[in-house]
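Beneath this line is the structure, given in structure tokens, with notes to follow.
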Amino acid sequence: MKNLLAILFLSLSLFYKAQQKVSFEELNSQNVLQAFGGAGVGSSAGFTQVLQVGNGNDVKIYDRNPKQVSISQIGNENQTLYINTSNTPSAATINTKGNSNYVDMVGSNSISENMKININNSNMIIFIRNY
């Protein structure tokens with residue numbers, strides 16, 4: 001009976017794990033970390049700096065290999081999503097000054113190394129993909 005329960009539990013857990021896979025067509029900035037094994041905020045080798053002044057600002061950083069990431073949001077309702085799942089060290093500066101701005105940056109490569117983004121306006125949307 002114990003063996004039967006153990007086999008049932010193992011098969012259910014494998015079934016649950018198989019359901020969590022994401023196909024390439026469904027891959028987006030919200031589920032990319034699941035596809036890369038659940039990367040999270042990186043190690044302490046680099047540093048990340050976040051400055052927020054205003055109401056309703058949101059920053060999400062998922063960096064597998066941080067070098068230097070600096071994000072500032074001055075205004076209200078600004079959102080920044082920064083994802084680096086590669087082993088290329090990331091170094092970026094994102095400054096937003098205004099209201100309701102959205103920055104979505106995924107990936108890091110030699111072209112985006114030390115990239116600086118400055119937004120001095122409101123209601124701007126920027127998507128950057130580095131593969």
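So with the 1.4 Å probe, I'd like the accessible area per residue for region 66-131, rounded to whole Å².
48
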- Message: Once you place label points 7 Å from the Cα toward the Cβ at LEU51 and ILE111, how far apart are they in nm?
- Response: 3.0
- Message: How charged is the neighbourhood of SER122? Take every other residue with its Cβ under 13 Å from the Cβ of SER122, and add Lys/Arg as +1 and Asp/Glu as -1.
- Response: 0
- Item | Charge tally in the Cβ shell below 15 Å around VAL53, where Lys, Arg are +1 and Asp, Glu are -1, VAL53 excluded | -1
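The values are calculated or read from the model by the stated rules, or taken from the named source; none is laboratory data. Computed from a predicted model, the values in this text were never measured in an experiment. Ideal geometry is used to build each Cβ from the backbone, glycine not excepted, and the neighbour counts take in all protein chains shown. When the accessible area is computed, the model is the full protein with side chains, heavy atoms only, and any ligands, DNA or RNA have been set aside. Shrake-Rupley method; radii C 1.70, N 1.55, O 1.52, S 1.80 Å.
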